[in-house]
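The values are calculated or read from the model by the stated rules, or taken from the named source; none is laboratory data. Please read all numbers here as calculations on a predicted model, not as lab measurements. Here Cβ is always computed from backbone atoms with ideal geometry, including for glycine, and neighbour counts include all displayed protein chains. Side chains included, ligands, DNA and RNA excluded: accessible areas come from the protein's heavy atoms. Shrake-Rupley method; radii C 1.70, N 1.55, O 1.52, S 1.80 Å.
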Amino acid sequence: FNTAGSIGPDIIEVDGESISYEDFNQALSAQMDAYQQRTGESMPPQRIEQERDVVFDALVENILREREMDRLGIKVTDEELLDLFLGDNPHPLIQSYFGDGQGNVDQALLQNFIDDPEATPQLVQIESYIRAERRRQKLESLIGSTVRVTNEEIVEEFSKRNKSVNAEFVVLRYAGLRNDSVSVTEQDLRAYYNRNREDYARNRSYSVKYASIPKMPSGQDSTNSLASVAQLKSAFESAVDDSVFLAQYGSEQPYGNTFFARGELDIAIEEAVFANPVPGTVAGPVIAGNMIHLIKIQELRNSDTESVHARHILVRPQTDTEAGKAEALEKANALFQRLQNGEDFAELAEAESEDPGSAVRGGDVGWFGEGRMVPPFEEAAFGAPLNTPVGPVETQFGYHIIEVIARGTEEVKIADYAERLRPSSETLTRAQDRLEDLQYFTNEGGNFEEEAERVGLTVSTVEVEDGQTAIPGIGFSRSLMSFLQGASSGEASEVLELNNQFIVAVVENITEEGYRPFEDVESEIEALVYVEKKKEVLTRRMEAAYAQHGFVGLASALAVPLRTAENLKFNDFDA
């Protein structure tokens, strides 16, 4: 389709045809209503942002398809439409509305509907829908039918994929020539730039400063959500069918039928579950993974495999040399001796371990089963006496001193009710109000960074180009791109709502589309021109040697090895 699309401040315009934002919002509302009917819940904000893109693309595609069908003269005649109503193979919509329950159309019911004057508006709607869908089907069929593959093309492709050859060849590598063996002048560089100028074309771009507030629940939101979930605890405990309970209350964690050992659950859930694993009891609510969980313990059993709870102190070699390893081992042995002399493991790990993730927890790496750690660490841990440091143990990470503080073979089967932590409408409103304040005073002549500091926000800077699919720190936002395309330097956007944050952006500078200046790309071009020059030198050298010695003496004349390759297929080569 040879069309162009853009988003203006008030409308969507595609190839000269406009769609009002009212139409866009109606289409989006229809999708949101359909979602609510399917799920019983309002569409979440992040889903709304995604749905905006889907609706936008659908509106654009519909216009493009209509234009192409008009251009190709694709129509649905009244005779075709009548056949789709009353023919031997009626449209599925007709079968759905006027079926007789046995897979056929109740012709009397359909005819009564057609003849009923009061049904005329509905009849017109059905006709329009069927006509439009049939027209689209014709377009799809036409597109499909334009693809043809001849027998000769099939045979040729089969030959390319299956015929193979053995080959001998001679290679001269560009790396074999030093840069100072060829001459590259500024004139060469500028000539290359002029020949390949399109490679350095740039779109319109914007230097943008922005301030953002994430859509995070406040402390009060979390407290309220915990209290709300806690009210379900007694109902969960008394539920006869836990899968029905999870479905009824819209758990974001589906029902499963899996047993979990220690180390296989989120730490917060694991601690709550294994603190008192009595079947039928409900642990929680606990917060884990940005969700609030109520966990019902359904069944408890002993496993054939063991899990251990360990902590460690890691010493990393400072250099990847024998001397570096020896120094690290010496330090690890000294730390082990300090433990033998009675120092506290957790305090020593916090002070000396070079694993920052576990050091802050006194070296605690939590529970784990077989296959979860690197083999030397795991072998030492599962063979260690309880509450007795062992080591140093060498792994690819360095030297470890390990202490196992608990062992267990228990496994639990659970039902996990999970509800996502979400910011309240009040929290979101406060965030928007702060950004609206920033936007207002910036557009009234205030300095964006100073105004952001006044309301306690940090300003980030990003370079954005027309057509850019993802913006660092922001992601993809059609609303932001729309603002930038219509903005002038110094203008601040309205508060823009993204999947996970609100932002206000201000345009610092606009660079119109054109070409990157020669000075900006000179260093890039220089490397490419050196390759071109080397290619010319090596090509002349090989052609001269071939002319004098032929292929048989080519390798010897060039002082390079004769290479061989077997079973080469056509598809092994670049086109």
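Listing for the model above:
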read-out	value
Residue list for segment 397-433, filter: open to solvent by 70 Å² or more (accessible area, probe 1.4 Å), in contact with a Leu (Cβ under 7 Å, 6 or more places away or on another chain) and farther than 28 Å from PRO279 by Cβ	PHE397
Residue that is farthest from VAL537 (Cα to Cα) [pool: residues in segment 171-194 that are of a type in the set (Val, Ile, Thr), surrounded by 11 or more Cβ atoms within 10 Å (Cβ to Cβ) and out of contact with any strand residue (DSSP E or B) (no Cβ under 9 Å at 6 or more places or on another chain)]	VAL184
Any hit, segment 352-375, residues being of a type in the set (S, T, N, Q), free of Cβ contacts under 8 Å to residues at least 12 places away in the same chain and not in a loop (DSSP other than H, G, I, E, B)	no
Only listed residue being touching a Leu at 6+ places or on another chain (Cβ under 6 Å) and open to solvent by 20 Å² or more (accessible area, probe 1.4 Å), chosen from PRO254, PRO279	PRO279
Test result for PRO561, open to solvent by 70 Å² or more (accessible area, probe 1.4 Å) and not aliphatic (A, V, I, L, M)	yes
Total residues in segment 458-496, condition part of a strand (DSSP E or B) and buried (at least 18 other Cβ atoms within 10 Å of the Cβ)	4
Residue check for VAL531: in contact with a strand residue (DSSP E or B) (Cβ under 6 Å, 6 or more places away or on another chain) and among the hydrophobic types (A, V, I, L, M, F, W, C)	no
Subset of segment 376-387 (residues that are free of Cβ contacts under 8 Å to residues at least 60 places away in the same chain and open to solvent by 40 Å² or more (accessible area, probe 1.4 Å))	PRO376, GLU379, GLY383, PRO385, LEU386, ASN387
Residues being open to solvent by 20 Å² or more (accessible area, probe 1.4 Å) and hydrophobic (A, V, I, L, M, F, W, C) - total across segment 497-514	1
Scope segment 45-91; condition part of a loop (DSSP other than H, G, I, E, B) and under 13 Å from LEU139 (Cα atoms); matching residues	GLY73, ILE74, LYS75, VAL76
Scope segment 209-232; condition surrounded by 13 or more Cβ atoms within 10 Å (Cβ to Cβ) and under 24 Å from the mean Cα position of the chain (by Cα); matching residues	TYR210, ALA211, SER212, ILE213, LYS215, MET216, PRO217
Residue match in segment 388-406 (condition: under 30 Å from PRO217 (Cβ atoms), part of a strand (DSSP E or B) and touching a residue at least 12 places away in the same chain (Cβ under 8 Å))	no
Residue in segment 283-295 that is among the β-branched types (Val, Ile, Thr), in contact (Cβ under 8 Å) with a residue 24 or more places away in the chain and either open to solvent by 50 Å² or more (accessible area, probe 1.4 Å) or closer than 24 Å to ARG372 by Cβ (or both) present	yes
From GLU156, GLU133, GLU168, GLU127, residue being open to solvent by 80 Å² or more (accessible area, probe 1.4 Å) and assigned to a helix (DSSP H, G or I)	GLU156
Filter result for SER523 (of a type outside the set (Asp, Glu), more than 29 Å from the chain's Cα centre (by Cα), open to solvent by 50 Å² or more (accessible area, probe 1.4 Å) and under 20 Å from THR442 (Cα atoms))	no
Qualifying positions in segment 314-343 - in a loop (DSSP other than H, G, I, E, B), open to solvent by 70 Å² or more (accessible area, probe 1.4 Å) and touching a residue at least 12 places away in the same chain (Cβ under 8 Å)	ARG316
Segment 296-305 - residue that is out of contact with any Pro (no Cβ under 7 Å at 6 or more places or on another chain) and open to solvent by 60 Å² or more (accessible area, probe 1.4 Å) and, of those, nearest to SER222 (Cα to Cα)	ARG301
Criterion violated by ASN62 - all others in (1) at pLDDT 80 or above; (2) over 31 Å from the mean Cα position of the chain (by Cα); (3) open to solvent by 40 Å² or more (accessible area, probe 1.4 Å) satisfied	(2)
Test set (1) over 37 Å from the mean Cα position of the chain (by Cα); (2) surrounded by 12 or more Cβ atoms within 10 Å (Cβ to Cβ); (3) within 28 Å of GLN31 (Cα to Cα) - VAL55 fails condition number	(1)
Tabulated pairs, segment 459-478, first more than 18 Å from ARG204 (Cβ to Cβ), second surrounded by fewer than 15 Cβ atoms within 10 Å (Cβ to Cβ) and at pLDDT below 85, C-beta under 7 angstrom, 6+ apart or interchain	SER460/GLY473
